[in-house]
Amino acid sequence: MLSYETYLSALGEKLSSQFDLCSDKAIDNYSYDLFGTMNIRNSKYMLSEKVQIYGYENNEFLWIRKQNGGDSLSLKNELDRMKDEIPRLVEPQRDHMSSLLTLLLVTEGDIPSEWARLARRFRYQKGFALGFRGWADLILVILSLGENRVVTHRHFMKTAAFFLPEKICPKERT
């Protein structure tokens, strides 16, 4: 089985080309082993950069920590705290299109059924100015290194599949 430290190191290497990463980030009582931000801005100009036809901005925030035990109530409290972080992190300006906030919890054992149920049902979206200033999605991804399984809401399975151990460090898996 792949260890959490090996997985986190390989994931950090893979994300470092696109994300600004920092370790040991804390929000209230919750500490995260890795935190990453990515900001992408696209725009189209006519003749010069002074005449912008359109522009849009996409942001992504990622929190990663090891989860050993705990109940679904503490997980719900953590998700509520993440919802409170959205207005602080996301600045819905004119060109803001979308922001994706991902909480990745990694366990070395099995995923408890109550966590899996919560992860499959959890989806939170916040719109800004009736959607004219974009939106923010908060997703919960639970990864089991022992089971080699990822659980999340069905709309985000493609995003969550990126975090599977065989995609992060294929040489380590046997």
Worksheet entry | Identity of the residue in region 122-151, among the charged types (D, E, K, R) and within 16 Å of the chain's Cα centre (by Cα), that ends up least open to solvent (accessible area, probe 1.4 Å) | Asp137
Item to complete: Identify the single condition in (1) open to solvent by less than 10 Å² (accessible area, probe 1.4 Å); (2) farther than 26 Å from Glu13 by Cβ; (3) part of a helix (DSSP H, G or I) that Asp84 does not satisfy, given that it satisfies every other one.
Response: (1)
Worksheet item: Is region 29-38 home to any residue that is touching an Asp or Glu at 6+ places or on another chain (Cβ under 7 Å), of a type in the set (Gly, Ala, Ser), open to solvent by less than 40 Å² (accessible area, probe 1.4 Å) and over 22 Å from Leu140 (Cα atoms)?
Response: no
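When you check Gly69 against the structure, is it assigned to a loop (DSSP other than H, G, I, E, B) and closer than 20 Å to Thr107 by Cβ, yes or no?
Considered against the rule, which asks whether it is assigned to a loop (DSSP other than H, G, I, E, B) and closer than 20 Å to Thr107 by Cβ, Gly69 comes out as yes.
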Worksheet item: Among the residues of region 93-105, is any open to solvent by 10 Å² or more (accessible area, probe 1.4 Å) and in contact (Cβ under 8 Å) with a residue 60 or more places away in the chain?
Response: no
Discussion item. Any residue in region 13-36 that is within 16 Å of Leu101 (Cβ to Cβ) sitting within a Cβ distance under 7 Å of a residue that is modelled with pLDDT of 90 or more and among the β-branched types (Val, Ile, Thr)? List the pairs, counting only those 6 or more apart or interchain.
Written reply: Tyr32/Ile64; Leu34/Ile64
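The values are calculated or read from the model by the stated rules, or taken from the named source; none is laboratory data. Computed from a predicted structure; not experimentally measured. Counting neighbours? That spans all protein chains shown, and the Cβs are built from the backbone with ideal geometry, glycine included. When the accessible area is computed, the model is the full protein with side chains, heavy atoms only, and any ligands, DNA or RNA have been set aside. Shrake-Rupley method; radii C 1.70, N 1.55, O 1.52, S 1.80 Å.
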